[in-house]
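Remarks on the structure that follows.
What follows is calculated from the coordinates using simple rules that are stated; it is not laboratory data. Please read these numbers as outputs of a predicted model, since none were measured by experiment. With ideal geometry, Cβ positions are generated from the backbone for all residues, glycine too; neighbour counts draw on all protein chains shown.
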Amino acid sequence: MKRIPWPAPIMPAVCKIEEDTVHSTTFNDLYFSRSGGLAEKRYVFVEANHLEERFRRSRKVTVLEFGFGLGLNLLSTMDAHTSASNDCVLDYVAFEKHPLTKDQLRECFSEVIGTHAHAESMITNLPPLLSGFHRIVLSPKVILTLIYGDAASSIKELDASVDVFYLDGFSPRKNEDLWTSQLFTSFRRLAASGATFSTYSSAGDVRRRMSYAGFDVRVKKGFGQKKTCW
Ligand SMILES: C[S@@+](CC[C@H](N)C(=O)[O-])C[C@H]1O[C@@H](n2cnc3c(N)ncnc32)[C@H](O)[C@@H]1O
């Protein structure tokens, strides 16, 4: 008989609000640039992957995100989904090793991010801080699967047909675990035909590994000071 692992408590994020952004003490890096959280995520992830257009012409779009963080990518993706306003289902799957608590999130939104139509409902529906897969129905057409734990080990349990990959770990120099070739190799197994990806990191290693995983890689002008890969 297969043993079903018991969910283990997971260590929440250690972070602080700092000069218009949120700083991770654990990774010594920023969750988003000082130029604006939601605007950055929309540019680097939602627009680079042409999501609004894809919602218009698809019945279902599956997004796989590496690093759920404050949920800004989810909220920006939901904005594009709402604008497309058709019957497309948004199937949003995200890994997170150190989730922020609901209190931390509420503080970040009220102090630095600002209001967003879906922020409070996202926060209220977040699962307990236990490892494993958590499925949350945010609306009849928006399903969130949050996978709490280390992406490198949890990805082995994931069976999905992914249309869009969001690589939003902290910088490869500060957090190698989200940028390993083993992780990128899993993309071949999970990618649907026509899958795309984007990331704010234009590091040579990241570009080479995504090429090896079968993606055609281009660099475009980034948000603020950074470059964007897609
Ligand atoms: C730049 S933040 C992500 C910001 C987020 N995408 C957003 O829209 O708010 C990077 C996230 O990756 C998570 N992370 C770091 N290493 C991880 C790992 N090995 N597995 C899963 N998540 C990880 C961090 O805890 C952090 O929340």
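Worth a mention:
- Distance (nanometres) between label positions extended 7 Å along Cα→Cβ at residue 82 and residue 103: 2.9
- Volume per residue that the Cα convex hull of the stretch 109-148 spans, once the total is divided by residue count, Å³: 81
- Length-normalised contact order of the stretch 1-142 in % [C-alpha pairs under 8 Å, at least 6 apart]: 28
- If R0 equals 35 Å, the separation of the Cβ atoms of residue 208 and residue 137 corresponds to a calculated FRET efficiency of about 0.35.
- Among 118, 98, sorting on how many other beta-carbon atoms sit within 10 Å of each Cβ, with the fewest leading, yields 118, 98.
- With both residues required to sit in the chain, DSSP beta bridges show an antiparallel share near 45%.
- Distance from the alpha carbon centroid of the stretch 52-68 to that of the stretch 1-50 works out to 19 angstrom.
- Cα centroid separation - the stretch 156-178 against the stretch 96-116, whole Å: 21
- Calculated Rg and Dmax of the chain using C-alpha coordinates, Å: 16.6, 53
- Of all the options 114, 71, 132, the one that moves most in a Gaussian network model of the chain with Cα springs shorter than 10 angstrom is 114.
- Only helices enter this figure: runs of n ≥ 4 DSSP H residues, each worth -39500 (n - 2.57), summed and divided by the residues of the chain, yield -7000 deg cm²/dmol at 222 nm to the nearest 500.
- With 19 Å as the limit, the listed pairs 16/221; 102/141; 60/141; 102/174 have 16/221; 102/141; 102/174 beyond it between alpha carbons.
- Within the straight-line cut-off of under 19 Å between alpha carbons, the lysines reachable from residue 220 are 41, sequence neighbours fewer than 8 places apart in one chain being disregarded.
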